[in-house]
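Notes for the one structure printed next.
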Amino acid sequence: MNDLFALFYEKFYYETDFSLEMFDRFLYQKYAIIAIISAAIFSLVFYFLLDRPRFAKIGLWFILLTVASFVSAGYLYNDSKSIMERDNLVFSSEAYFGVAIGSFVLTLFVFFILSLFLRKLSKNLSRTPF
Amino acid sequence: MPKLYVFAIGGTGSRVVKSLTMLLASGVSTGYEVVPIILDPDSSAADVAKTEHLLNEYRSIHKAVAPNNEKVFFKNKIESLGEVIGAVGTNALGNEFRLGIEGLNGGKFKDFIDYNLLEDGGSNQALVDVLFSESNLNLDLEVGFQGNPNIGSVVLNKFTESEEFNLFANSFSNNDRIFIISSIFGGTGAAGFPLILKNIRHGLVNGKHYDHLRNAVVGAITVMPYFKLDGDNTDNIQSSTFYSKTKAALHYYHKNISESRDINALYYIADDNNNVYKNVVGGTGQKNDSHFVELAAALAIVDFANDGSLSTHEGNAQNPKYKEFGVNDLSASNPVITFKDLSHETQNQIQLNLTQLLFFSLYLESELKDKLTAPFAKETAPVIDQNFLSSIFYGRLLHFLDQYRIWLGEMKRNKISFSPYNIAELIDNQGAIIGVTPQNADLMQLVSGFAQRSSIFKLFKEKSYDLMTAALNEHRKKKYPTVENKLMVQSHDATAEIITKYLF
């Protein structure tokens with residue numbers, strides 16, 4: 001699974017030393033799972049906890065989508081940086097930012113896919129966002 | 001389904017039918033197809049015209065909704081005598097709810113009875129002069145009998161000889177019932193009620209005997225004075241005569257109706273006549289606010305329809321019933337009727353239904369146009385969309401519901417005030433009520449004396465109109481034959497759910 005996610009994240013940033021460290025530490029897999037969990041939690045919150053007519057707004061759906069993506073991207077940025085720095089490995093900010101974008105996009109994608117299914121189970125938000 | 005023929009005589013008759021129409025629109029059901037027959041010689045009476053218009057709208061809405069067995073607004077079928085006749089005979093009448101009286105095309109009473117054709121100074125003319133005063137003979141019938149039942153009884157007798165009455169007798173079948181609405185203190189109703197009842201009980205119409213008509217189950221409500229008229233003693237109609245007319249007529253009814261067991265159920269209603277209406281003798285100017293007495297009178301029709309114990313044998317009512325309407329308790333200083341002042345039986349009859357229709361009406365007015373993407377509107381075909389909101393049906397429904405809110409506002413403004421809702425009347429520069437508005441934005445604060453049940457999860461609960469939308473969304477996957485049926489059934493179910501869960 002780490003291989004699969006590495007392939008994905010390395011589309012956003014690839015630099016041999018950095019990417020090797022990320023791969024060897026199974027960080028691609030870890031951040032991908034966190035991105036999926038973030039998307040799942042926020043989409044569940046939207047379609048079940050906030051299942052109220054007054055929340056049936058595409059704007060609110062978009063806010064949760066964005067927050068979920070920022071949470072997973074921000075987590076990746078901070079966590080991976082602190083792990084590398086703990087081991088005295090120094091990489092540029094662009095490296096962390098690049099893979100964080102990968103998490104951001106992955107969360108967006110998963111959130112969107114989950115929305116397609118979860119909305120059907122929601123009473124009041126089954127027509128949100130479309 | 002059997003039919004309930006409702007003879008609405010005079011202005012009061014029309015106003016009671018208006019209240020009945022509102023009750024039926026709210027989902028109250030009689031178990032009969034209601035056939036209103038409006039009899040009013042005043043061809044331009046504003047109250048009659050309003051009632052007719054309302055009945056026509058009700059009929060159209062009911063047809064579009066086409067209810068089956070489900071509970072729904074506008075469930076009870078209302079049809080005109082013409083439609084009934086059209087279904088059973090070849091002599092079709094028009095679709096009007098109001099029937100004309102043969103030979104009555106305005107003019108003076110003396111012309112109606114061909115007074116001038118009688119031998120001048122002869123015995124026949126002398127007899128007529130004994131029975132009718134000069135002012136009686138010169139009375140213009142264009143605007144009714146103006147409080148003269150002696151004239152009404154002569155003119156309305158023509159109706160019982162008419163083709164319409166003949167067709168009614170032909171169409172009447174065994175399980176059908178008849179109800180007669182009349183006031184006792186005016187001219188038209190006081191004359192018309194005993195006359196129509198007598199003809200029914202004789203069972204003889206235009207020389208033909210109708211045994212099932214003779215043995216029909218017949219109910220009636222006699223509306224006694226509940227208002228006064230302003231003006232002075234030069235006016236044709238004087239409210240100072242209301243009580244004396246009532247006493248005389250009650251005495252007559254006792255002798256000729258009750259003692260002879262002509263009626264199966266006779267309802268009486270009255271009120272302290274503290275409210276004063278403008279003294280307008282018929283015509284388009286006679287527009288009085290709706291009154292709680294008229295609603296209570298309409299409830300008598302529902303009570304009569306639901307009373308299965310009534311029967312007639314050989315033209316005699318078996319165990320006839322005599323009923324009065326009352327409320328539980330009222331403050332003398334502030335006599336305002338709310339739901340809690342009504343008996344439990346009356347509360348059960350109207351509290352939920354009227355509130356459902358008001359919630360529905362306010363939701364359509366304020367919310368629906370912004371909820372066309374909500375699951376209940378869009379998820380399952382047929383969809384409630386902008387095209388539907390532009391349809392003739394929807395326009396007609398909105399107009400009817402406007403009239404419903406105005407009706408509630410008028411009853412609130414009138415004396416005695418029926419004010420079960422926290423609403424404020426919207427009034428035009430002529431003083432007429434043109435609508436009502438809730439005094440609180442929260443739908444759950446609308447019913448006077450009832451607060452929304454609290455919940456430990458209150459923080460997470462929907463509020464006001466969102467409660468309604470959420471309840472509508474519960475029905476998003478159900479199938480409905482038409483969009484009209486969908487809107488009405490969904491809304492009826494949703495309003496019932498939220499009201500019974502959070503209020504009553």
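Residues in segment B:448-457 include at least one that is within 14 Å of chain A (Cβ to nearest Cβ), over 30 Å from B:VAL483 (Cα atoms), part of a loop (DSSP other than H, G, I, E, B) and out of contact with any strand residue (DSSP E or B) (no Cβ under 8 Å at 6 or more places or on another chain).
Can you find a residue in segment B:427-442 that is of a type outside the set (Ser, Thr, Tyr), part of a helix (DSSP H, G or I) and touching a helix residue (DSSP H, G or I) at 6+ places or on another chain (Cβ under 6 Å)? No.
Output the residues belonging to segment A:97-123 that are among the β-branched types (Val, Ile, Thr) and either open to solvent by less than 50 Å² (accessible area, probe 1.4 Å) or within 14 Å of another protein chain (Cβ to nearest Cβ) (or both). If the condition is that a residue be among the β-branched types (Val, Ile, Thr) and either open to solvent by less than 50 Å² (accessible area, probe 1.4 Å) or within 14 Å of another protein chain (Cβ to nearest Cβ) (or both), then A:VAL99, A:THR107, A:VAL110 are the ones that fit.
Condition check for B:LYS415 on (1) more than 14 Å from chain A (Cβ to nearest Cβ); (2) open to solvent by less than 50 Å² (accessible area, probe 1.4 Å): one failure, at (2). Candidates A:SER93, A:SER82, A:SER43: the one that is open to solvent by less than 20 Å² (accessible area, probe 1.4 Å) and away from chain B (no Cβ under 14 Å) is A:SER43. In segment B:308-328, the qualifying residues are those that are under 25 Å from the mean Cα position of the chain (by Cα) and open to solvent by 60 Å² or more (accessible area, probe 1.4 Å), and the one that is modelled with the lowest pLDDT is B:ASN328.
Taking the criterion of being among the polar types (S, T, N, Q) and either open to solvent by less than 10 Å² (accessible area, probe 1.4 Å) or out of contact with any helix residue (DSSP H, G or I) (no Cβ under 8 Å at 6 or more places or on another chain) (or both), the residues of segment B:28-83 that qualify are B:SER29, B:THR30, B:THR51, B:ASN56, B:ASN68, B:ASN69, B:ASN76, B:SER80. Cβ-Cβ below 7 Å, separation at least six or inter-chain, first residue in segment B:463-475 and assigned to a loop (DSSP other than H, G, I, E, B), second surrounded by fewer than 22 Cβ atoms within 10 Å (Cβ to Cβ) and among the small types (Gly, Ala, Ser): which pairs? Matching pairs, first to second residue: B:SER464/B:ALA441.
Residues that are free of Cβ contacts under 8 Å to residues at least 24 places away in the same chain and open to solvent by 60 Å² or more (accessible area, probe 1.4 Å) within segment B:331-358 comprise B:ALA332, B:SER333, B:ASN334, B:HIS344, B:GLU345, B:ASN348, listed in sequence order. Can you find a residue that is at pLDDT below 95, surrounded by fewer than 15 Cβ atoms within 10 Å (Cβ to Cβ), away from chain B (no Cβ under 14 Å) and outside any loop (DSSP other than H, G, I, E, B) anywhere in segment A:48-59? For segment A:48-59, residues at pLDDT below 95, surrounded by fewer than 15 Cβ atoms within 10 Å (Cβ to Cβ), away from chain B (no Cβ under 14 Å) and outside any loop (DSSP other than H, G, I, E, B): absent.
Scanning segment B:251-261 for any residue that is open to solvent by less than 70 Å² (accessible area, probe 1.4 Å), at pLDDT below 85 and either more than 30 Å from B:GLU314 (Cβ to Cβ) or of a type outside the set (Ser, Thr, Tyr) (or both) turns up nothing. Of A:SER38, A:SER82, A:SER69, which residue is more than 12 Å from A:THR107 (Cα to Cα), assigned to a helix (DSSP H, G or I) and of a type outside the set (Phe, Trp, Tyr)? Only one candidate qualifies: A:SER82.
Scan segment B:361-387 for residues that are among the basic types (Lys, Arg), facing another protein chain (nearest Cβ under 10 Å) and either closer than 20 Å to B:PHE73 by Cβ or not in a helix (DSSP H, G or I) (or both) and the total you get is 1. Here B:GLY409 fulfils each of the conditions (1) in a helix (DSSP H, G or I); (2) open to solvent by 10 Å² or more (accessible area, probe 1.4 Å); (3) of a type in the set (Gly, Ala, Ser) apart from (2). Of the residues in segment B:336-347, none is at pLDDT 95 or above, in a helix (DSSP H, G or I), more than 17 Å from B:SER419 (Cα to Cα) and of a type in the set (Asp, Glu).
The values are calculated or read from the model by the stated rules, or taken from the named source; none is laboratory data. Nothing here was measured: the structure is a model prediction, and the numbers come from that model. Cβ coordinates were reconstructed from backbone atoms using ideal geometry, including for glycine residues, and neighbour counts include every protein chain displayed. Areas reflect the complete protein model, heavy atoms only, side chains present, ligands, DNA and RNA absent. Shrake-Rupley method; radii C 1.70, N 1.55, O 1.52, S 1.80 Å.
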